[in-house]
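For reference, the structure is listed below as structure tokens.
The values are calculated or read from the model by the stated rules, or taken from the named source; none is laboratory data. Computed from a prediction, not measured in an experiment: that's the story for all the values here. Please note: Cβ atoms are built from the backbone with ideal geometry, for glycine as well, and neighbour counts cover all protein chains shown. We work out accessible area using only protein heavy atoms, side chains counted, and drop any ligands, DNA or RNA first. Shrake-Rupley method; radii C 1.70, N 1.55, O 1.52, S 1.80 Å.
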Amino acid sequence: MLRLKRGFLLAVFCAFPLLAFSSCKDTQPVRSAFAAMDTAITAKFYGAEAKQAAEHFQTQIEDLDGLWSKTDPQSDIARLNLYGTLPTGQLDLRTISLLEKSSQLSRETKNAFDPALGRLVSLWGIGTEKQQVPGEGERQAVLERCGNENLMITEDTVSLKNEIQLDLGGIAKGAATDEAVKALEQFSLDGYLLSLGGNVYVHGEKPDQSEWRVGISDPDGKADYLGYLAVSDCAVVTSGDYERFFIQEGVRYHHILDRTTGAPSQSGLRSVTVVCKDAAKADAYSTALFAMGAEKGMSFCEKEDTLDAVFVTDDHQIFLTDGLKECFSLTESERYQVMSEGPA
């Protein structure tokens with residue numbers, strides 16, 4: 001498991017599923033804020049080349065958005081969805097790498113994360129003006145044209161069999177974070193925090209050497225956050241049923257879809273927060289673990305020595321993998337309880 005020392009460094013963010021807190025007294029960071037990848041992007045950079053890093057970061061994220069957007073007709077993903085097959089020479093190497101990684105993670109999670117559910121996502125339309133509760137027959141018909149097993153990648157071509165449509169919303173922000181982290185190595189920086197729609201990555205330290213703290217949102221919305229993690233040099237990504245949803249006839253329909261049913265996952269969880277060095281994995285795993293549920297998700301984490309997770313159940317229980325027990329602090333103890341034993 002990923003071992004993170006409490007009090008070593010903390011991550012900060014102040015929007016979406018992760019909330020952050022900082023108290024830098026000496027040197028103010030260079031900040032970056034813009035919209036891309038269908039979300040709000042924010043960042044803080046400390047160091048001699050913070051301004052250059054901030055400018056490069058924005059340029060790179062916007063470039064990747066142009067490659068991976070499903071709605072931009074010129075993007076790699078939109079063209080693949082339109083034509084079904086493209087020569088690899090017509091695709092950016094970063095796109096091919098992301099598709100290969102997405103397919104691998106889908107297999108590893110037994111399709112709990114699946115990049116080829118675009119038709120199902122469009123059918124529900126959650127978060128759009130066309131959101132609806134489709135009938136079971138509609139769902140099953142669409143599911144027949146979904147599935148990662150229909151994504152074929154060879155040395156010469158990338159093909160989408162069975163009329164599947166790609167939707168990389170569950171991994172693209174994480175993958176973009178990884179690309180940004182690699183690119184930022186060229187700059188002289190003391191530390192930085194990146195937040196892509198709540199996908200947080202923290203590196204280095206603040207000038208006052210105070211901790212970075214990443215807060216985990218309260219799914220009930222009664223408090224800003226239910227607790228926080230003290231982490232460093234890693235990604236922290238949360239998937240929750242409170243992020244994008246609609247309510248119809250008293251039932252909440254959220255955006256994390258279960259491939260086996262074609263409907264929003266009913267796993268008994270409200271959120272999963274994943275901590276991992278690899279931001280793309282953290283992004284994909286947060287979705288997969290939510291779909292698995294606490295018991296299967298905890299078991300999955302025990303077999304993976306590269307990630308840790310926080311599971312929040314619908315009855316306000318919190319389960320932590322071993323690597324996070326020393327760096328998690330609960331702040332909403334009246335409504336939430338950290339469990340000492342794993343879920344039954």
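Couple of notes before you dig in:
- Against the test of being of a type in the set (Ser, Thr, Tyr) and surrounded by fewer than 22 Cβ atoms within 10 Å (Cβ to Cβ), the options SER217, SER239, SER232 yield a single qualifying residue, SER232.
- In the stretch 330-344, the qualifying residues are those that are without any contact (Cβ under 8 Å) to a residue 40 or more places away in the chain and part of a loop (DSSP other than H, G, I, E, B), and the one that is surrounded by the fewest Cβ atoms within 10 Å (Cβ to Cβ) is GLU341.
- When residues in the stretch 27-46 are screened for being open to solvent by 30 Å² or more (accessible area, probe 1.4 Å), within 21 Å of the chain's Cα centre (by Cα) and of a type in the set (A, V, I, L, M, F, W, C), 3 of them pass.
- Qualifying residue in the stretch 75-89 (condition: exposed (fewer than 14 other Cβ atoms within 10 Å of the Cβ), among the β-branched types (Val, Ile, Thr), farther than 30 Å from GLY297 by Cβ and modelled with pLDDT under 95): no
- Scanning the stretch 287-323 for residues that are without any contact (Cβ under 8 Å) to a residue 60 or more places away in the chain, over 13 Å from MET339 (Cα atoms) and in a loop (DSSP other than H, G, I, E, B) yields a total of 3.
Residue-by-condition table, conditions (1) in a helix (DSSP H, G or I); (2) closer than 14 Å to LYS70 by Cβ:
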residue	(1), (2)
ALA116	no, yes
ARG119	yes, yes
GLN131	no, no
CYS146	no, no
GLU155	no, no
VAL158	no, no
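- Number of the exception - GLY127 against (1) farther than 15 Å from HIS255 by Cα; (2) surrounded by fewer than 18 Cβ atoms within 10 Å (Cβ to Cβ): (1)
- Residue list for the stretch 185-209, filter: part of a helix (DSSP H, G or I) and either crowded, with 24+ Cβ neighbours inside 10 Å or among the charged types (D, E, K, R) (or both): GLU185
- Any chance GLY250 is surrounded by fewer than 16 Cβ atoms within 10 Å (Cβ to Cβ), without any contact (Cβ under 8 Å) to a residue 60 or more places away in the chain and either touching an Asp or Glu at 6+ places or on another chain (Cβ under 9 Å) or closer than 18 Å to SER271 by Cβ (or both): no
- Leading residue by the ranking (farthest from the chain's Cα centre (by Cα)) among those in the stretch 210-220 that are assigned to a loop (DSSP other than H, G, I, E, B) and at pLDDT 95 or above: ASP220
- Number of residues in the stretch 262-308 that are touching a strand residue (DSSP E or B) at 6+ places or on another chain (Cβ under 8 Å) and among the aromatic types (Phe, Trp, Tyr): the value is 2.
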